[in-house]
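Structure, as structure tokens:
The values are calculated or read from the model by the stated rules, or taken from the named source; none is laboratory data. Since the model is a prediction, treat every value here as computed from it, not as a measurement. In this analysis, Cβ positions are derived from the backbone assuming ideal geometry, glycine residues included, and neighbour counts consider all displayed protein chains. For accessibility, only protein heavy atoms count, side chains too; no ligands or nucleic acids. Shrake-Rupley method; radii C 1.70, N 1.55, O 1.52, S 1.80 Å.
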Amino acid sequence: MEKPTHLIEFETMLVGRHSHLFNPRARGADGRLDRSAYVLLSRIEIDGPLSIGQLSEAFGLDASTLNRQTAAMLKAGVVERIADPDGGIARKFSITAEGRRRLDADRAANVHGLERVLEEWTAEEVADFAAYLRRFNSDIERLERRPWPRPGQP
């Protein structure tokens, strides 16, 4: 366990193990979104309405997996199917007011949990950590050839 990459692997495993500390309420309970709905809604929030084909391309998942996930989201009332705003044939998924409310509430709870974990860090340490995480994720996206849009970027 001497190599830095071994240490990174171990620490990223622990991030998953400790996620309850920065996400204190279990997903799916108390009106919380499950993980797949949270991630899908976050992508639709940035990109706008997306079709199953666009979601499949964005996530690298097959259409059947996304059909199951979006069916559950439709049932929960967090997305709706709309006509393509650009006039295309495929219907797209758009966030409903309920989906926006739940996504915003979950994100606020997650940010609050992270603030609790990072409360003894300096602002510079938090900013550096955010920059390293962004670089780490961006390099994964580069290797997968599947960039993830960031808020405020064209």
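Annotations for the structure displayed:
- In this structure the stretch 27-118 gives 53 Å² per residue of accessible area when probed at 1.4 Å with all protein chains present.
- FRET E, pair residue 131, residue 13, Förster distance 25 Å, beta-carbon r, rounded to 0.05: 0.70
- With Cα atoms, 0 to 90° folded angle of helix 4-17 axis to the chain main axis: 60
- Exposed loop sites here are GluC sites (Glu not before Pro) assigned a DSSP state other than H, G, I, E or B and surrounded by at most 14 other beta carbons within 10 Å; excluding them, the longest clear run of the chain is 3-118.
- When the convex hull of its Cα atoms is projected in every direction, mean area for the stretch 6-154 (nm²): 10.4
- Acute angle (nearest 10 degrees) that the helix 35-47 long axis makes with the longest principal axis of the chain, alpha-carbon atoms: 70
- Evaluated with a Cβ-only charge set (Lys, Arg +1; Asp, Glu -1), the chain carries a dipole of roughly 620 debye about its Cα centre, given to the nearest 20.
- From helices alone, the chain scores -20000 deg cm²/dmol at 222 nm; the rule is -39500 (n - 2.57) for each run of n ≥ 4 DSSP H residues, then divide by the residue total.
- For the pair residue 100 and residue 45, the difference between a 0.36 nm per residue extended length and the Cα-Cα distance amounts to 18.9 nm.
- Axis angle, to the nearest 10 degrees, between helix 97-117 and the longest C-alpha principal axis of the chain: 0 degrees.
- Measuring only protein heavy atoms, the 1.4 Å probe finds residue 8 accessible over about 90 Å².
- Approximate spin-label separation residue 61-residue 141, in nm, with each point projected 7 Å along Cα-to-Cβ: 1.8
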